[in-house]
1. Take the residues of the stretch B:285-298 that are in contact (Cβ under 8 Å) with a residue 40 or more places away in the chain and of a type outside the set (S, T, N, Q): which is most open to solvent (accessible area, probe 1.4 Å)?
2. Is the stretch A:139-149 home to any residue that is under 25 Å from A:Asp264 (Cβ atoms) and in contact with a Leu (Cβ under 7 Å, 6 or more places away or on another chain)?
3. Taking A:Glu21, is it at pLDDT below 95 and either open to solvent by less than 40 Å² (accessible area, probe 1.4 Å) or not assigned by the TED database to the domain that holds A:Val312 (or both)?
4. A:Phe268 fails exactly one of the following numbered conditions: (1) open to solvent by 50 Å² or more (accessible area, probe 1.4 Å); (2) over 22 Å from A:Lys209 (Cβ atoms). What is the number of that condition?
5. Within the stretch B:252-351, which helices (runs of 4 or more DSSP H) (wholly inside it) include 2 or more residues that are away from chain A (no Cβ under 11 Å)?
6. In the list B:Lys325, B:Lys351, B:Lys287, which residue meets the criterion of being touching a Lys or Arg at 6+ places or on another chain (Cβ under 8 Å) and either modelled with pLDDT of 95 or more or on the phi < 0 side of the Ramachandran plot (or both)?
7. Being of a type in the set (Ser, Thr, Tyr) and touching a residue at least 12 places away in the same chain (Cβ under 8 Å) is the filter; apply it to the stretch A:217-250 and report the residue that is farthest from A:Asp124 (Cα to Cα).
8. Which of the helices (runs of 4 or more DSSP H) found entirely inside the stretch B:42-137 contain at least 3 residues meeting this: more than 14 Å from chain A (Cβ to nearest Cβ)?
Protein chains: 2
Amino acid sequence: MKMLFTTMAVALPAATAFAAEPIPADLRETALATFKALPSTTPAVANNPITPEKIALGKALFFDPRVSASGVLSCNSCHNLATGGDDNLETSIGHGWQKGPRNAPTVLNAIFNIAQFWDGRAEDLKAQAKGPVQAGVEMANTPGQVIATLKSMPQYVDWFNAAFTGGADRVTFDNLAKAVEAFEATLVTPAPFDAFLNGDDAAMTSEQKQGLTLFMNKGCSSCHAGMNVGGQDFYQFGLMEKPSADVLPEKDKGRFAVTNTADDSYVFRAAPLRNVALTAPYFHSGKVWDLKQAVAIMGTTQLGEELKEEEVDLLVAFLNSLTGKVPEVVLPILPAETATTPRPASQILGK
Amino acid sequence: MKMLFTTMAVALPAATAFAAEPIPADLRETALATFKALPSTTPAVANNPITPEKIALGKALFFDPRVSASGVLSCNSCHNLATGGDDNLETSIGHGWQKGPRNAPTVLNAIFNIAQFWDGRAEDLKAQAKGPVQAGVEMANTPGQVIATLKSMPQYVDWFNAAFTGGADRVTFDNLAKAVEAFEATLVTPAPFDAFLNGDDAAMTSEQKQGLTLFMNKGCSSCHAGMNVGGQDFYQFGLMEKPSADVLPEKDKGRFAVTNTADDSYVFRAAPLRNVALTAPYFHSGKVWDLKQAVAIMGTTQLGEELKEEEVDLLVAFLNSLTGKVPEVVLPILPAETATTPRPASQILGK
């Protein structure tokens, strides 16, 4: 004990040189009151039992560009599993090169969010999955056309029949959404932060622990809490001070469009912060590319405080401990089109 | 022997019911004089030693949308390994939703083609890889911008340094092209046809063997020969009869644009036929969606013969035996952007 204490004492000067916050002895316990480590198994999903067949079908659908009217865009186009589960664009490029209205959120760990989309208008991932397929600026397809496309390929019909029970016709838009949700439920990325929460003191650096301490002490964790360090509730963007108009465009009133309640003006789901270091640019507007700048903006707009550069650095160090291991995904081999597969609409629309 | 003979005799009526061509006893030997089975190992490539590090880097680059100016399009967008190594579009959709001039050929087994592109203007895959990156209607990028993008991510610099030797600066456009070629050299898809050529009589059905016989007897194999059952030389499209103007648009004179030789008017590289059942639509114009129709057009335009429906069916049966096993590809995890990574141009161009 004596020796350990001496070692720590020797290490202290270097640590205090940038220490904004002493690390409390009960950091793990305090953190566990606010956050939760990711589970080691695929989470159960309401009204959608997860099976290997459903996951495999969902993976095929997730990567299939023929789910879009153009035959060009797949779920993976904007929620790219190779780049943090999003597309690293301000807002996504969709059908006809149209620009979407909001930054694409990551699909990684999305299963743990209280609701989906920036304004929480979809209650879960199966509801969410139906949105982009039909949105004119995204995949621009119709449920009827998607199902006709899938039914034209016997392999897909077999896969739906293996993944679902009951009903003579299992190739349905509802089942498509459930399969995609099942695949997405597997996209869980355990990070150093989880290892720390699970008891491994060495999983996070001293700087990251200081950042975590600061994250809780400053009040960031009032909004960014739970399993996803965010994504668990809705809050006004600009609680203490309104962000600039480019970061918070006047016209996008967030959750107000969902609830039609004045209180919900400029209210958004707190961004889930897992893998945030991989998912620039930031905010629903996607206008901020630098994570430090994003943290500083949060300080002024949400905490009413100009954070010191040293504090921002520590907070970013903590956020880096949320970068997790993306599960290995083998690219699916998709069924070939047949004579009855509808032709891609890109050929009609293309310049 | 007697018993075997009897069994065959009994089976004959069913077989002859659709037999257009008796299967010669020396079919394998005859076929081996014209075709060649795929190798069981990754092929060596001229001026580009293949190493695991180079393959891994090439895979990352192949899937990285940040190689394009928009940050939207990767090699895999048009040469999708989930859908036969192409995009199943008439012609590809590129930067700004522009439509490309010719149908995207499959990247599968492309390493064995005599030259790349429909007109063979690139002598190999490393030369080919540089084309779409810079083409205005495809990725619309510049070598300088691509390299600046890659250099902004330390992980990429490490990967280039591990994949290449010599020179202080190994993150170069030439090395990018070589790495992509190295990955593409692994995209080899052994098929039932290869198993047959290698000695397995049961690998192809009787119908497929009849189709192969017909393919050689009719003269298809005069142009579609070698390891890729095509892709080994250049021929005029419309040798016996000019195809309709939608299939062979007047303005695209094929290899003439490369050689400026009158003889090369409407000359194209014979389409490599491996995985052809997965790569509709067909021809450089991408105007024909049905493989049977494509075969029939080849009959009239190249052989000067209207093939019987039964013959077309047998030929298509043979072509189906060229559908191979795509190697398992684990989606790469790409490096995250940094503060110095150039911003995607889609944000400037987007509507």
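The values are calculated or read from the model by the stated rules, or taken from the named source; none is laboratory data. Here the structure is a predicted model, which means the values were calculated and not measured. As a convention, Cβ positions derive from the backbone with ideal geometry for all residues, glycine included, and neighbour counts pool all protein chains shown. All accessible areas refer to the heavy atoms of the entire protein, side chains included, with ligands and DNA or RNA removed. Shrake-Rupley method; radii C 1.70, N 1.55, O 1.52, S 1.80 Å.
1. My answer is B:Lys287.
2. Step one: list which residues in the stretch A:139-149 are under 25 Å from A:Asp264 (Cβ atoms), which gives none.
No, the stretch A:139-149 contains no residue that is under 25 Å from A:Asp264 (Cβ atoms) and in contact with a Leu (Cβ under 7 Å, 6 or more places away or on another chain).
3. On the way: at pLDDT below 95: yes; either open to solvent by less than 40 Å² (accessible area, probe 1.4 Å) or not assigned by the TED database to the domain that holds A:Val312 (or both): yes.
The answer is yes for A:Glu21.
4. (1)
5. On the way: elements: B:256-259, B:291-298, B:309-320, B:346-349.
The qualifying helices (runs of 4 or more DSSP H) are B:256-259, B:291-298, B:309-320.
6. Numbers: B:Lys325 fails: touching a Lys or Arg at 6+ places or on another chain (Cβ under 8 Å); B:Lys287 fails: touching a Lys or Arg at 6+ places or on another chain (Cβ under 8 Å).
It is B:Lys351.
7. In the first step, residues of the stretch A:217-250 are kept if they are of a type in the set (Ser, Thr, Tyr); the result is A:221-222, A:235, A:244.
Then drop every residue that is not touching a residue at least 12 places away in the same chain (Cβ under 8 Å), which leaves A:221, A:235.
Working: A:Ser221: 23, A:Tyr235: 19 Å.
So the residue we want is A:Ser221.
8. Values: elements: B:52-63, B:75-78, B:125-134.
Output list reads B:52-63, B:125-134.
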